[in-house]
Amino acid sequence: MKLAVEVGGLRLKNPLLAASGTFGYGVEYEGLIDLATLGGIVSKGLYLEPRDGAPPPRIVETPSGLLNAIGLQGIGIHAFVADVLPRLRKHDTALVVNVCGDTVEEYAEVARVCDAAPGIAGLEINISCPNVKQGGMAFGGDPRMTHAVVAAVRAVTRLPLIPKLSPNVADIAVFARAAEEAGADALSCINTLLGLAIDVETRRPKLGFGTGGLSGPAIRPVAVRMAWQAARAVRIPVIGIGGIASAQDALEFLIAGCHAVEIGTANFVDPGIYERILGELRAYLERHGNSDIREVVGTLEYPGEPKQCQIGGTS
Amino acid sequence: MPANRTSSLIGREGIGGAYFLLTFRHAETAREARPGQFVMIKAGLSAEPPLRRPFSILEASPERESFTLFVKAIGPGSSALCTLPIGGVAQCLGPLGHAFSALPEGTEALLVGGGYGVAPFSFLGAEIGRSGGRARLFYGGRTAADLPLLARLREQGLDVAPATEDGSVGTSGQVTVPLQAHLDAQARPQRLYACGPEAMMHAVARIAAARGLEAEVSLDPWMGCGMGTCLGCVVRVQGPGDARWKYRCACTEGPVFDAARVVWPGETESRARQAAGART
């Protein structure tokens, strides 16, 4: 049973990655699970310098979901490269850095540091964090800014570039195409949905930052729809993200046209989820007479449309 | 090293109102847990509610490969745990976090527990007793019904001083009333350990600072992962040498912190920093 995929030059032994912000820097789970089980790990978002992040409370549970405003607390790219990367590299899994910036120049500078560091397999460009005042979603909410950030990073690295798109836009296809035109190798779809939870006793937001980003099974149908729209809009492959907690959930994204998926909130619920989903994926392929996970990609039969063949991507 | 796996419920005892004692089989937690550590646990294998919940370990039994939690059924996560049938499974990750530090020899331990925050003090009191130390528990709540562990803790041999705001059992008033009275009457070296509502822990921190005593508090913010990856449970902490406070994960760097290093709500720096500043 073949589970390996290639996504815009990023080679993965299986299509499951840990989503940024839900798996720390990876090393936290050493000893608890075998990190080699994962196709890849996307780091917590990294700026050039360390960040404090948003004031607590930072998380609140909502129906089938998690609303968070962590605010990209992080150790900064230099500490990651010096202290974390040497340890992380010992594990046989693809390491992707989630690149953040307040300015176009900062994104490019973080990417340049990554390009010079051995062991980084790809860069996910965070233009969609809803929980910071500058950067983040500002770049993901204007297609010209999306283009500018991706082009600036493209100019300094040959590493696979994967902009992570925001769902908080009217038409994700516009942003998918802007990123593709600027030189992206793949897309991550989607980041969290902007939300607000209110404590009715105090009449204040439940989160210290105010609004937050919604994740978890609550957003999955929205995520599948947007990943599907993005995959149809571009030739580069798409990594699906949003509420995946089982192989069935992951398969929805693959069938919709994604070549790989990221698991986010479910990491908090069960750090051992990768082994379980991989087992379920193998069982699914066997049951459907497939021998390669790539045979599933883009096989959605959508009403009123001709049956799709495998779409986009390099695999 | 914590272990993540399913854990079956082997004992459930209702102890009045919404309070339960739940015993789960989990060899690693039973064997390795120290007082003040916790587990992240969730009933069943279903997706809802999404997150596991952190609970302090009330007791651990290496012989029976089990541990016991003191749970108040107040929301969907805790209620699901309390209605789990015997033999039912939970997803459990533990033991997690830093334990309370050991009591220096010749020092009396004053444990201050508010409501279900009393949970870690059965374990801590028993351990101090086993090592020949002295421990006294100040156990506070609004009414007698909020102190469901009182008889059990006394049977365990702990010296317990209850306090209720309505006076239905023990001293009338907040738990800091008998604590202050005890501190006024005793001159021997003492160390404070507190777990409960934030305002209570803040009050204990102030009392400790005013009397020059060491105090540890077990903080209880919302936690997502228990492993230091979601960064959802951060608290403001500042050591004497730190120019400013930093966000620290309560799950991996706590939940037990030196009370003098916590920057409490409404404050801008820690007691330890204020004291260091006053000396220079």
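When the Karplus curve 6.51 cos²θ - 1.76 cosθ + 1.60 is applied with θ = phi - 60°, which whole-Hz ³J(HN,Hα) does each residue of segment A:258-274 get, with x for Gly and Pro?
Those phi angles translate into 7, 9, 7, 9, 10, 9, x, 3, 4, 4, 6, 6, 8, x, x, 5, 4 Hz.
Return the calculated 222 nm mean residue ellipticity for chain B, to the nearest 500 deg cm²/dmol, obtained by summing -39500 (n - 2.57) across DSSP H runs with n ≥ 4 and dividing by the residue count.
-6500 deg cm²/dmol
May I ask you to compute the full-extension gain from residue A:2 to residue A:90, defined as 0.36 nm times their residue separation minus their alpha-carbon distance, rounded to one decimal in nm?
Here the segment from residue A:2 to residue A:90 would lengthen by 29.3 nm.
May I ask you to compute the full-extension gain from residue B:206 to residue B:244, defined as 0.36 nm times their residue separation minus their alpha-carbon distance, rounded to one decimal in nm? All intermediate terms of the calculation are to be shown ahead of the outcome.
Details: separation 38, 0.36 × 38 = 13.68 nm, distance 1.99 nm.
Going from the current span to full extension adds 11.7 nm.
Got a sec to turn the phi values of segment B:47-52 into Karplus ³J(HN,Hα) couplings, 6.51 cos²θ - 1.76 cosθ + 1.60 with θ = phi - 60°, whole Hz, x for Gly and Pro?
Here the 3J(HN,Hα) series is 7, 10, x, x, 8, 6 Hz.
Can you figure out the FRET efficiency of residue B:159 with residue A:200, using R₀ = 41 Å and their beta-carbon distance, to the nearest 0.05?
FRET efficiency, residue B:159 to residue A:200: 0.45.
Within segment B:105-121, whose backbone N sits under 17 Å from a point 7 Å along Cα→Cβ of residue B:143?
So the set is B:115-116.
Classify the protein assembly as shown: rounded, prolate or oblate, from the alpha-carbon gyration tensor (a ≥ b ≥ c, eigenvalue square roots; a/c under 1.5 rounded; otherwise prolate if a/b is larger than b/c)? Walk me through the numbers on the way to the answer.
Numbers: a/c = 2.33, a/b = 1.75, b/c = 1.33.
Since a/c reaches 1.5 and a/b is larger than b/c, the shape of the protein assembly as shown is classed as prolate.
Any number yet on Rg/Rh for segment B:208-280, C-alpha, Kirkwood?
With Rh from the inverse mean 1/r over Cα pairs, Rg/Rh is 1.00.
How would A:228, B:264 line up from fewest to most surrounding beta-carbon atoms within 10 angstrom?
So the ranking, lowest neighbour count to highest, is B:264, A:228.
Which of B:26, A:78, A:91 comes first, and how do the rest follow, when ranked by fewest Cβ neighbours within 10 Å? Present the calculation step by step, with values, prior to reporting the outcome.
Values: B:26 25, A:78 15, A:91 18.
With the fewest neighbours first, B:26, A:78, A:91 line up as A:78, A:91, B:26.
In segment B:1-98, which GluC sites (Glu not before Pro) are in a loop and have at most 11 other Cβ atoms within 10 Å, using DSSP for the loop call? Kindly include the intermediate steps, with their values, before the conclusion.
Numbers: sites: B:13, B:28, B:32, B:59, B:63, B:65; in loops: B:63, B:65.
In loop regions of segment B:1-98 (DSSP not H, G, I, E or B), the sparsely surrounded GluC sites (Glu not before Pro) are B:63.
Give, in nm to one decimal, the length gained when the segment between residue B:134 and residue B:45 is fully stretched (0.36 nm per residue of separation minus the Cα-Cα distance).
Length gained, residue B:134 through residue B:45: 27.8 nm.
Between segment B:88-135 and segment A:120-193, what is the separation of their alpha carbon centroids in Å?
With segment B:88-135 and segment A:120-193 each reduced to a Cα centre, they are spaced 49 Å.
Would you work out if chain A is rounded, prolate or oblate? Take a ≥ b ≥ c from the square roots of the eigenvalues of the alpha-carbon gyration tensor; rounded if a/c is under 1.5, else prolate when a/b is larger than b/c, oblate otherwise.
Rounded, since a/c falls under 1.5.
Could you check the simple spin-label distance between residue B:83 and residue A:78, using points 7 Å along Cα→Cβ, in nm with one decimal?
Between residue B:83 and residue A:78, the simple spin-label model gives 5.5 nm.
Step through the residues of segment A:106-121 one at a time and calculate ³J(HN,Hα) from phi using the Karplus curve (6.51 cos²θ - 1.76 cosθ + 1.60, θ = phi - 60°), rounding each to whole Hz and writing x for Gly and Pro.
Each residue's phi maps through the Karplus curve to give 5, 4, 5, 5, 4, 5, 5, 4, 5, 4, 7, 9, x, x, 8, 8 Hz.
Between residue B:199 and residue B:13, what FRET efficiency follows from the Cβ-Cβ distance if R0 is 25 Å, with the result rounded to 0.05?
Details: r = 30 Å, r/R0 = 1.20.
Once rounded, the FRET efficiency stands at 0.25.
Filter the GluC sites (Glu not before Pro) in segment A:224-305 to those in DSSP coil with at most 14 other Cβ atoms within 10 Å of their Cβ, and list the result.
Loop-located and lightly packed - A:301.
Kindly put B:143, A:37 in sequence by how many other C-beta atoms sit within 10 Å of each C-beta, fewest to most.
So the ranking, lowest neighbour count to highest, is B:143, A:37.
Taking 8 Å as the Cα distance limit and 6 or more residues as the minimum spacing, I'd like the relative contact order of segment A:177-315 as a percentage.
After rounding, I find 22 percent.
Only loop residues by DSSP count here, and only those with at most 16 other Cβ atoms within 10 Å; note down the GluC sites (Glu not before Pro) in segment B:83-141 that meet that.
Answer by residue number: B:105.
For segment B:1-123, what number results from the quotient of the Cα radius of gyration and 2.2 N^0.38 Å?
Details: Rg = 14.3 Å, N = 123, 2.2 N^0.38 = 13.7 Å.
Relative to the rule-of-thumb radius for its length, segment B:1-123 sits at 1.04.
Which value in nm describes the separation of the simple spin-label points at residue B:1 and residue B:27, placed 7 Å from the Cα toward the beta carbon?
1.4 nm
Could you check the spin-label model distance between residue B:172 and residue A:115? Points 7 Å from the Cα along Cα→Cβ, value in nm.
In this crude spin-label approximation the distance works out to 7.6 nm.
Laboratory data are not the source of any read-out in this text; all were calculated from the coordinates shown. Because the structure is predicted, anything quoted here is derived from the model rather than measured. Quick reminder, even Gly has a Cβ in these numbers, built from the backbone with ideal geometry, and neighbours come from all protein chains shown.
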